[in-house]
1. Looking only at region 8-52, filter to residues that are free of Cβ contacts under 8 Å to residues at least 12 places away in the same chain and in a loop (DSSP other than H, G, I, E, B); which one of those is nearest to residue 85 (Cα to Cα)?
2. I'd like to verify a number: residues in region 53-92 that are part of a loop (DSSP other than H, G, I, E, B), at pLDDT 90 or above and either open to solvent by 60 Å² or more (accessible area, probe 1.4 Å) or among the acidic types (Asp, Glu) (or both), how many?
3. Mind checking which residues of region 1-28 are under 22 Å from residue 90 (Cα atoms) and at pLDDT 95 or above?
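The values are calculated or read from the model by the stated rules, or taken from the named source; none is laboratory data. All figures in this text were calculated on a predicted structure; none of them were measured in a lab. So basically every Cβ, Gly included, is an ideal-geometry build from the backbone, and we count neighbours across all protein chains shown. These accessible areas exclude ligands, DNA and RNA; they are computed on the full protein's heavy atoms, side chains included. Shrake-Rupley method; radii C 1.70, N 1.55, O 1.52, S 1.80 Å.
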Amino acid sequence: MTHTWKIKELHSNATTGLVIRAYYQLITEHNGITYETPIKNFVPTGSISDPGFITYSSLTEADVLTWLETYRELTSEETNMENDINSRPLLKGLPW
């Protein structure tokens, strides 16, 4: 199984560039089938005066994924996805 975390959307303060909400999703590929969790969100903490503040226009997906790792237990979400997939094996294609 291959797990990929994707940042789907950011909401930020247009004046300060501070991200106020980030939306993300886990996408898992297994045996040629793609599984996706519902899109979830988190609210990053911090302020524009914090050391290391990155303006919105300079953010990368890797930056936001790093934030996500501090807010979520990503390994357990991946394990939950694997357990769900393994509990209901699927056939791909058509019966004819």
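1. Looking at the filtered set, the residue picked out is 45.
2. 2
3. Listed by number, the residues that qualify are 2, 3, 4, 25, 26, 27, 28.
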